[in-house]
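Working notes, beginning with the structure itself.
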Amino acid sequence: MADQIRFLHRGQVQHLGDFPPTRTLLDHLREDRGLCGTKEGCNEGDCGACTVVLGGLEEGRLRYRAVNACILFLSALDGKELVTVEDLAGPDGALHPVQQAMVDCHGSQCGFCTPGIVMSLFALQAEGGAVERQRVDTALAGNLCRCTGYRPIIEAACRMGADPAPVGKGAATEELLRSIQRRETGQIKDGKVLLPASADDLAALLLRHPEARLVAGGTDVGLWVTKQFRDLGLLIHVGGIADLQRMDAADGRLTIGSAVTVARAAERLGGLYPEMAELFRRYGSAQVRNSATLGGNIANGSPIGDSMPVLIALGSRLVLRRGDDRREMPLEDFFLAYRRTALTAGEFIEAIRVPLPRPDRLFACYKISKRFDQDISAVMAGFCLDMAGGKVVAARLAFGGMAGTPQRARAAEAALTGRPFDAETARDAAAALAQDFQPLSDMRASAAYRLAVAGNLIVKFQLAQTMPLGAVRVTNFAPGGEV
Ligand SMILES: Cc1cc2nc3c(=O)[nH]c(=O)nc-3n(C[C@H](O)[C@H](O)[C@H](O)COP(=O)(O)OP(=O)(O)OC[C@H]3O[C@@H](n4cnc5c(N)ncnc54)[C@H](O)[C@@H]3O)c2cc1C
Ligand code: FES
Ligand code: FES
């Protein structure tokens, strides 16, 4: 059994062992199973036409999460429940409440996006809780509809009802899921995909195969296959390792396992630092956040990854592991040069340690991108100031999009330290950024814009201390006026 993946579909445990290492779930559904309700639009995680829902045990509780099947390798199904659009209607053909609401509200025209939208709304409903407008917008940010327009779709979401009508059978599903969790290391396709059961197994496997490519959520790696048609060689699937999915708060810091998804990390970090909640809401889409891991975001080493600046500003540290040896380092030291990290052969990221909030600390993070939802940052900023006696005693300002790696702004930090955090100090720090960065111009932003906006964010951070956001009035120019 260890050499197969096991997952639940329609209440039955399915076994799969003989599939190409980078076979995507979308191709499996459409080509191997004839389940063509799930559509292919962009094949790169952007449009949501391929949305399916995975049920999984998270801290002992069954949660349903929407994911993009087009960039999800089949191995990621191991230990999960799969729900596709074909599974929603009852045996008598009665529509699921989500489907019925879409019909009643005329939420579909050509219908191409509709299965994906239905699955995103199904996942939202399965989460429980009141179906409020902002939750609906967030749930649908990764679903592109090119013809209906979102008003009727949002109306359907608000009308589908808050009572979840999930497909699975609650406690029975949880029991079955428990029975299929991986307890021993497995291999698929004559060892071309390795599925370690624990972090210890992963450490041993990587020592034997330092050339192997790790796959966590596959939201970066998946595109190397679907867009670049790359042969990835030996794969080690780390997304399902239970040890790497833990989050523990102790000794003034939250330790987040590297395979914790961005969605789960966002729930926990957003509870500690409410400023981060909006940042993570704008990280990809719900489908991307439900697959992507924090470890994958960091290991990818992109200068425009969203989590790094904010985690660097907070003073987070990484735990790297090679065999039984572990080393810890400040996150900013991990990035050596453009897409080059401190990882050595056979080493992997085991955990990220994030300091817990402190009352004497001012903190903010900002994402600048052309669209609010589902866009890559032009500039990303994380700011953290330790205050004592009305003065800044330590400053940590970190930016993405300003250099070849996520980086701290040392000159700007020096301009803040030892001074009260007032408008003049903020302006001086903003001016000092020119010593820290010579950003590039590219299709997302010009160098001059990047430098200007980064400085303005420091000024905004200072203004926010004097003007709580709740007191700011925003004028809505749409009919209806001020909000
Ligand atoms: C549509 C779309 C939207 C996106 N939007 C955003 C966004 O808004 N902001 C943003 O920052 N990113 C975004 N991304 C990029 C991507 O989602 C993130 O970089 C993601 O966090 C990667 O995590 P993953 O688990 O999917 O990594 P994977 O794709 O599985 O792996 C990425 C890299 O990390 C390595 N790796 C994974 N885990 C480990 C580990 N434990 N130790 C060492 N190496 C490891 C892999 O070998 C690979 O090189 C988006 C991607 C898509 C497709
Ligand atoms: S096909 Fe567009 S997100 Fe998968
Ligand atoms: S109904 Fe045509 S794309 Fe949405």
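Counting helices only, and only those DSSP H runs with n ≥ 4, report the 222 nm mean residue ellipticity of the chain as the sum of -39,500 (n - 2.57) divided by its residues, in deg cm²/dmol to the nearest 500.
Calculated from helices alone, the mean residue ellipticity at 222 nm is -8500 deg cm²/dmol.
So how tilted is helix 114-127 from the main axis of the chain? Cα-based, degrees 0 to 90, rounded to 10.
70
If r is the Cβ-Cβ distance from Ala337 to Val459 and R0 is 35 Å, what FRET efficiency results, to the nearest 0.05?
0.70
Among the GluC sites (Glu not before Pro) within the range 1-76, which fall in a DSSP loop and have no more than 11 other Cβ atoms within 10 Å of their own Cβ? Don't jump to the answer; show the numbers that get you there.
Values: sites: Glu31, Glu40, Glu44, Glu58, Glu59; in loops: Glu40, Glu44, Glu59.
Here the GluC sites (Glu not before Pro) that fit, given the DSSP loop and packing criteria, are Glu59.
If the chain between Leu362 and Glu31 were fully stretched, how many nm would it gain, using 0.36 nm times the residue separation less the Cα-Cα distance?
Result: 113.9 nm gained on full extension.
Pull out a ≥ b ≥ c, the square roots of the eigenvalues of the alpha-carbon gyration tensor of the range 247-355, then state rounded if a/c is under 1.5, prolate if not and a/b is larger than b/c, and oblate in the remaining case.
Taking the square roots of the gyration eigenvalues as a ≥ b ≥ c, the range 247-355 is prolate.
If you plug each phi of the range 94-110 into the Karplus form 6.51 cos²θ - 1.76 cosθ + 1.60 with θ = phi - 60°, what whole-Hz ³J(HN,Hα) values come out, in order, with x for Gly and Pro?
5, 5, 5, x, 5, 5, 4, 5, 5, 5, 4, 9, 6, x, 9, 10, 5
Could you please tell me the mean projected area of the C-alpha convex hull for the range 64-164, averaged over all directions and given in square nanometres to one decimal?
Numbers: hull surface 27.2 nm².
Over all viewing directions, the range 64-164 projects a mean Cα-hull area of 6.8 nm².
Dividing the alpha-carbon Rg of the range 182-237 by 2.2 N^0.38 Å yields what?
Taking N as the residue count of the range 182-237, the ratio is 1.14.
Using only Cα atoms and rounding to the nearest 10 degrees, what angle (0 to 90) does helix 150-159 make with the longest principal axis of the chain?
Helix 150-159 sits at roughly 70 degrees to that axis.
In the range 238-257, which residues have a backbone nitrogen under 20 Å from the label point lying 7 Å from Val393's Cα in the Cα-to-Cβ direction?
Within reach of a label on Val393: 252-253.
Could you compute the FRET efficiency for Arg10 and Ala277, with r as their C-beta to C-beta distance and R0 at 30 Å, rounded to 0.05? Please list the in-between numbers first.
On the way: r = 36 Å, r/R0 = 1.18.
Plugging the Cβ-Cβ distance into 1/(1 + (r/R0)^6) gives 0.25.
Give me the net charge for the shell around Pro20: Cβ to Cβ below 13 angstrom, other residues only, Lys and Arg +1, Asp and Glu -1.
Charge balance in the 13 Å sphere: -3.
Residue by residue through the range 364-378, which ³J(HN,Hα) values in whole Hz follow from phi under the Karplus form 6.51 cos²θ - 1.76 cosθ + 1.60 (θ = phi - 60°), with glycine and proline marked x?
Karplus values, whole Hz, x for Gly and Pro: 7, 9, 9, 10, 10, 8, 6, 10, 5, 9, 6, 9, 7, 5, 7.
On each of the three principal axes of the Cα atoms of the range 1-44, give max minus min coordinate, whole Å, ordered largest first.
Largest first, the range 1-44 extends 34, 25, 15 Å along its Cα principal axes.
Please report, in cubic angstrom per residue, the volume enclosed by the convex hull of the alpha-carbon atoms of the chain.
Spread over its residues, the Cα hull of the chain gives 156 Å³ apiece.
Quick check: net charge around Arg450, other residues with Cβ under 11 Å of its Cβ, Lys/Arg +1 and Asp/Glu -1? Walk me through the numbers before you get to the answer.
Working: positive: Arg444; negative: Asp442.
That works out to 0.
Which ordering of Asp333, Asp92 is given by a fewest-first count of other beta-carbon atoms within 10 Å?
So the residues, fewest neighbours to most, are Asp92, Asp333.
Using the count of nearby Cβ atoms within 10 Å as a rough guide to exposure, how do His209, His96 rank from fewest to most?
His209, His96
Sorted by packing (mean other beta-carbon atoms within 10 Å per residue), highest first, where do 373-379, 461-467 land?
With the highest mean Cβ count within 10 Å placed first, the list reads 373-379, 461-467.
Give the dimensionless ratio obtained when the Cα radius of gyration of the range 314-448 is divided by 2.2 N^0.38 Å. Numbers along the way, then the final one.
Numbers: Rg = 16.7 Å, N = 135, 2.2 N^0.38 = 14.2 Å.
Normalised by 2.2 N^0.38 Å, the Cα Rg of the range 314-448 equals 1.18.
Would you mind computing, in nm to one decimal, how far apart the modelled labels at Arg208 and Ala414 are, each placed 7 Å from Cα along Cα→Cβ?
Distance between the two pseudo-spin positions: 5.2 nm.
In whole angstrom, how far apart do the alpha carbon centroids of the range 416-451 and the range 87-123 sit?
About 48 Å separates the Cα centre of the range 416-451 from the one of the range 87-123.
By how many degrees, between 0 and 90 and to the nearest 10, does the Cα long axis of helix 199-208 differ from the longest principal axis of the chain?
Approximately 90 degrees, to the nearest ten.
I'd like the Karplus ³J(HN,Hα) series for the range 184-191: coefficients 6.51, -1.76, 1.60, θ = phi - 60°, whole numbers in Hz, and an x wherever there's a Gly or Pro.
9, 5, x, 9, 10, 6, 6, x
Can you list the residues, at least 5 places off or on another chain, whose amide H is less than 5 Å from the amide H of Gly301, using H built in the peptide plane?
none
Going down the table (Lys80/Lys189; Lys39/Lys80; Lys80/Lys370; Lys227/Lys370), which pairs top 26 Å between alpha carbons?
Going by Cα-Cα distance, Lys80/Lys370 fall outside the 26 Å limit.
Please compute the net charge surrounding Gly37, taking Lys and Arg as +1 and Asp and Glu as -1 over other residues with Cβ under 11 Å from its Cβ.
+1
Each reported figure results from applying straightforward, stated rules to the coordinates on display, with no laboratory input. These numbers come from a predicted model, not from an experiment. No Cβ is skipped: glycine too gets one built from the backbone with ideal geometry, and neighbour counts run over all protein chains shown.
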